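The block underneath contains the structure these notes are about, expressed in structure tokens.
The values are calculated or read from the model by the stated rules, or taken from the named source; none is laboratory data. Please read these numbers as outputs of a predicted model, since none were measured by experiment. Note that each Cβ is placed from the backbone with ideal geometry, even for glycine, and that neighbours are counted across all protein chains shown.
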Amino acid sequence: MADVRAVEVTGTIRLGQFLKLAGLVEHGADAKDVVASGDVTVNGRAEMRRGRQLADGDVVAFGGERARVVAPERP
């Protein structure tokens, strides 16, 4: 599997939104189908809830790519 890419997220984000933001799916509408298929994992476990809230440090994987949720550094 590929290296984990860090994706900075301000505030809260749902799994479906993160898949698009991280470039793991091309279109936001694609997120619904890939999550429902059971092919998306969060922290190594299959996740079928597109609305799942992600937190700093969560790792999302799909299609051989992985992306980590990263909260911006505070001054």
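Which of the residues that make up segment 7-51 are free of Cβ contacts under 8 Å to residues at least 60 places away in the same chain and among the charged types (D, E, K, R)? Residues satisfying the conditions are ARG14, LYS20, GLU26, ASP30, LYS32, ASP33, ASP39, ARG45, GLU47, ARG49, ARG50. Assessment of segment 40-53 against the conditions (modelled with pLDDT of 95 or more, out of contact with any Ser or Thr (no Cβ under 6 Å at 6 or more places or on another chain) and among the acidic types (Asp, Glu)) yields at least one matching residue.
Any residue at all in segment 18-36 that's among the acidic types (Asp, Glu) and assigned to a strand (DSSP E or B)? Checked segment 18-36: no residue is among the acidic types (Asp, Glu) and assigned to a strand (DSSP E or B). In a loop (DSSP other than H, G, I, E, B), at pLDDT below 95 and under 11 Å from the mean Cα position of the chain (by Cα): is that true of ARG5 in this structure? Criteria not met by ARG5.
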